[in-house]
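Chemist: First, the structure itself, so that you have it in front of you.
The values are calculated or read from the model by the stated rules, or taken from the named source; none is laboratory data. Bear in mind that the values here come from a model prediction, so they are computed numbers and not experimental data. Note that we place each Cβ from the backbone using ideal geometry, even for glycine, and neighbour counts take in every protein chain shown. Side chains are part of the model used for accessible areas, which takes the heavy atoms of the whole protein and leaves out ligands, DNA and RNA. Shrake-Rupley method; radii C 1.70, N 1.55, O 1.52, S 1.80 Å.
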Amino acid sequence: VSIPTSPPTVWTLIWHRAGRVTDASLELLGEARRVAGLLGIETEAVVLGDVDDAALVDVAEHGADRVLIVASPQLVRPATKPATAALAQLIERRAPRLVLIPETADGRDIGPRLAARTGHGLVADCAFLRVDPDGAVIATRPAWDGMVSQRVRVGTSSLVMIAPGVFPPRPRGNAKPPVVERIVLDGLPKSDTELLAAKRLEPDDLELDEAGTVVAGGLGMGGEAGFRSLEKLAAVLGAKVGASRRATDLGWVDRSALVGQTGTTVRPSLYFACGISGASQHVLGMHESQVVVAINSDPNAPIFGIADVGIVGDVAEVVPALTDAFERALGGVES
Ligand SMILES: Cc1cc2nc3c(=O)[nH]c(=O)nc-3n(C[C@H](O)[C@H](O)[C@H](O)COP(=O)(O)OP(=O)(O)OC[C@H]3O[C@@H](n4cnc5c(N)ncnc54)[C@H](O)[C@@H]3O)c2cc1C
């Protein structure tokens, strides 16, 4: 199969479900455009398998100059093996300047395989991309469990994985209709995995970074009992529980609840910071929340500097009082 060559561009791999492009992919398109602009080159979105026209317009509006659609009967989810083979061929042929990969389950599955297959470098957990005056692309990522920040020079066709929520999606532009190139690949290997069942997620099953409301606790919660009270508040609000590093280090709550530089980046509509001081490493993971409510007994706690609503008080009193008040106000309505 011949894949035409093209000048180097910044690629974004596009994940889609039921015809809809995932938010994690749309966020990276904006970042791809920013980096490509600094490099003076174009952006390309790479879509595996067929998507409908509305999805293509979505991709163009979020920053793709061109869309490459890779078509093959093998590229039906789950398609780890054929997807890796297809992308490896494309990368070798086209030599993109860099490849941005949404670091979701699909990205974590395919990214490292692509690195092994193509021999190109891979930067995981990328938090920031910079272009130096000499055209070098530098990716910043935490290392050693967040103890150090690593800067990595990104070579041609390097793979850069970026978690959902790290970059805000670019506001939709008045995009021209997308320029679409279809590449038909024959002879891809068959998938060796099979989807046996799919279950729609209940709000409870949402990941922390998908929740509309996050109720987070820190050292000020005082212990596991404090977190039980946060869980009650979260249940009333239909929220997920988050935590500071102090609380996860002490084992008061599972590490998956960690918000911040070494945890999850969240951007919910509403974020409660309860007994959290507002250390920069925590704030990094939540400062783009739409409304931040901080509850802290210290009126000088730094968290009040970024809070939209500040409550100076003891979480042992304020959290149960808020829970009761919300319960009454919401009147048992499912949120
Ligand atoms: C490399 C590195 C990476 C890190 N990554 C992260 C990260 O991803 N996420 C993260 O969260 N941290 C991270 N940290 C740790 C971070 O620096 C802070 O130590 C941590 O966020 C502090 O957690 P805290 O706010 O719960 O505790 P503290 O800073 O001790 O604050 C506790 C707060 O609770 C208040 N308080 C106490 N009692 C009460 C009460 N009864 N009622 C109300 N308020 C009360 C206090 O006034 C205080 O403001 C990292 C640190 C390093 C060095």
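Chemist: Which pairs turn up if I take residues in the range 46-66 that are farther than 24 Å from L188 by Cα and look for partners that are in a helix (DSSP H, G or I) and of a type in the set (D, E) with beta carbon separation below 9 Å, at least 6 apart in sequence or on another chain?
Modeler: Filtered contacts from the range 46-66: H62/E27; G63/E31.
Chemist: Right, something else. Restricting the search to the range 142-176, which residues are under 19 Å from G121 (Cα atoms) and either within 16 Å of the ligand (Cβ to nearest atom) or among the basic types (K, R) (or both)? Break it down into steps so the answer makes sense when it comes.
Modeler: Within the range 142-176, the subset under 19 Å from G121 (Cα atoms) is 142-144, 149-163.
Selection gives P142, A143, W144, S149, Q150, R151, R153, A163.
Chemist: Looking for whichever is open to solvent by less than 60 Å² (accessible area, probe 1.4 Å) and over 22 Å from P142 (Cα atoms) here; the options are I311, I306. Which one fits? Give the steps one after another, and end with the answer.
Modeler: Working: I306 fails: open to solvent by less than 60 Å² (accessible area, probe 1.4 Å).
Result of the check over I311, I306: I311.
Chemist: Scan (1) open to solvent by 60 Å² or more (accessible area, probe 1.4 Å); (2) closer than 28 Å to P102 by Cα; (3) within 13 Å of the ligand (Cβ to nearest atom) for the single condition A243 breaks and write down its number.
Modeler: It is condition (1) that A243 fails.
Chemist: Additional query: For V76, only one of the following conditions fails: (1) within 17 Å of V160 (Cβ to Cβ); (2) among the aliphatic types (A, V, I, L, M); (3) in a loop (DSSP other than H, G, I, E, B). What is its number?
Modeler: (1)
Chemist: So, one more: Among (1) under 18 Å from V47 (Cα atoms); (2) in contact with a strand residue (DSSP E or B) (Cβ under 7 Å, 6 or more places away or on another chain), where does D132 come up short?
Modeler: With (1) under 18 Å from V47 (Cα atoms); (2) in contact with a strand residue (DSSP E or B) (Cβ under 7 Å, 6 or more places away or on another chain) applied to D132, the lone miss is (1).
Chemist: For the range 30-44, enumerate the residues that are out of contact with any Pro (no Cβ under 8 Å at 6 or more places or on another chain) and either buried (at least 21 other Cβ atoms within 10 Å of the Cβ) or part of a helix (DSSP H, G or I) (or both).
Modeler: E31, A32, R33, R34, V35, A36, G37, L38, L39, T43
Chemist: Further question: Does any residue of the range 229-237 turn out to be in a loop (DSSP other than H, G, I, E, B) and either surrounded by fewer than 18 Cβ atoms within 10 Å (Cβ to Cβ) or within 16 Å of the ligand (Cβ to nearest atom) (or both)?
Modeler: Within the range 229-237, not a single residue is in a loop (DSSP other than H, G, I, E, B) and either surrounded by fewer than 18 Cβ atoms within 10 Å (Cβ to Cβ) or within 16 Å of the ligand (Cβ to nearest atom) (or both).
Chemist: While we're on this one: Hey, can you tell me all the residues within the range 169-194 that are in contact with a strand residue (DSSP E or B) (Cβ under 8 Å, 6 or more places away or on another chain) and either under 19 Å from R34 (Cα atoms) or open to solvent by 60 Å² or more (accessible area, probe 1.4 Å) (or both)? Full working, then the answer.
Modeler: The initial filter retains those residues of the range 169-194 that are in contact with a strand residue (DSSP E or B) (Cβ under 8 Å, 6 or more places away or on another chain), namely 178-185.
Across the range 169-194, the qualifying residues are P178, V179, V180, R182, V184.
Chemist: Report, by residue number, each residue of the range 142-168 that is open to solvent by 70 Å² or more (accessible area, probe 1.4 Å), part of a loop (DSSP other than H, G, I, E, B) and touching a residue at least 12 places away in the same chain (Cβ under 8 Å).
Modeler: Scanning the range 142-168 gives D145, T156.
Chemist: Let me ask something else about it. Restricting attention to the range 280-289, report how many residues are open to solvent by less than 30 Å² (accessible area, probe 1.4 Å), touching a residue at least 24 places away in the same chain (Cβ under 8 Å) and over 16 Å from T213 (Cβ atoms). It would help to see each step written out before you state the result.
Modeler: Step one: list which residues in the range 280-289 are open to solvent by less than 30 Å² (accessible area, probe 1.4 Å), which gives 282-283, 285-286, 289.
Narrowing further to those that are touching a residue at least 24 places away in the same chain (Cβ under 8 Å): 282, 285-286, 289.
Within this subset, residues satisfying the condition of being over 16 Å from T213 (Cβ atoms) are 282.
Qualifying residue count, the range 280-289: 1.
Chemist: Please identify the pairs in which a residue from the range 252-279 that is under 21 Å from A301 (Cα atoms) has its Cβ atom under 8 Å from the Cβ atom of a residue that is among the aromatic types (F, W, Y) and open to solvent by less than 50 Å² (accessible area, probe 1.4 Å), counting only partners at least 6 apart or on another chain.
Modeler: Here the result reads G278/F304, each pair linking the range 252-279 to a residue that is among the aromatic types (F, W, Y) and open to solvent by less than 50 Å² (accessible area, probe 1.4 Å).
Chemist: Okay, moving on. Cβ-Cβ distance below 7 Å, separation of 6 or more or different chains: which pairs start in the range 192-204 with a residue that is modelled with pLDDT of 65 or more and end on one that is open to solvent by less than 100 Å² (accessible area, probe 1.4 Å)?
Modeler: D192/K81; T193/P78; T193/T80; L195/P78
Chemist: Conditions first: (1) closer than 18 Å to R170 by Cα; (2) over 22 Å from the mean Cα position of the chain (by Cα); (3) open to solvent by less than 10 Å² (accessible area, probe 1.4 Å); (4) of a type outside the set (A, V, I, L, M). R66 passes all but one, so which condition is the exception?
Modeler: Here R66 meets the rest and fails (3).
Chemist: Test G275 against the stated conditions and say whether it is out of contact with any Phe, Trp or Tyr (no Cβ under 9 Å at 6 or more places or on another chain), small (G, A, S) and open to solvent by 20 Å² or more (accessible area, probe 1.4 Å).
Modeler: no
Chemist: Also: Does the range 262-282 contain at least one residue that is near the ligand (Cβ under 7 Å from one of its atoms), part of a loop (DSSP other than H, G, I, E, B) and closer than 19 Å to P164 by Cα?
Modeler: Scanning the range 262-282 turns up at least one residue that is near the ligand (Cβ under 7 Å from one of its atoms), part of a loop (DSSP other than H, G, I, E, B) and closer than 19 Å to P164 by Cα.
Chemist: Just the residues that are outside any loop (DSSP other than H, G, I, E, B) and either touching an Asp or Glu at 6+ places or on another chain (Cβ under 6 Å) or more than 12 Å from V241 (Cα to Cα) (or both), please, taken from the range 212-225.
Modeler: L219, G220, M221, E224, A225 - these are the residues of the range 212-225 that are outside any loop (DSSP other than H, G, I, E, B) and either touching an Asp or Glu at 6+ places or on another chain (Cβ under 6 Å) or more than 12 Å from V241 (Cα to Cα) (or both).
Chemist: Please give the number of the condition Q74 fails out of (1) out of contact with any Pro (no Cβ under 6 Å at 6 or more places or on another chain); (2) open to solvent by 50 Å² or more (accessible area, probe 1.4 Å).
Modeler: (1)
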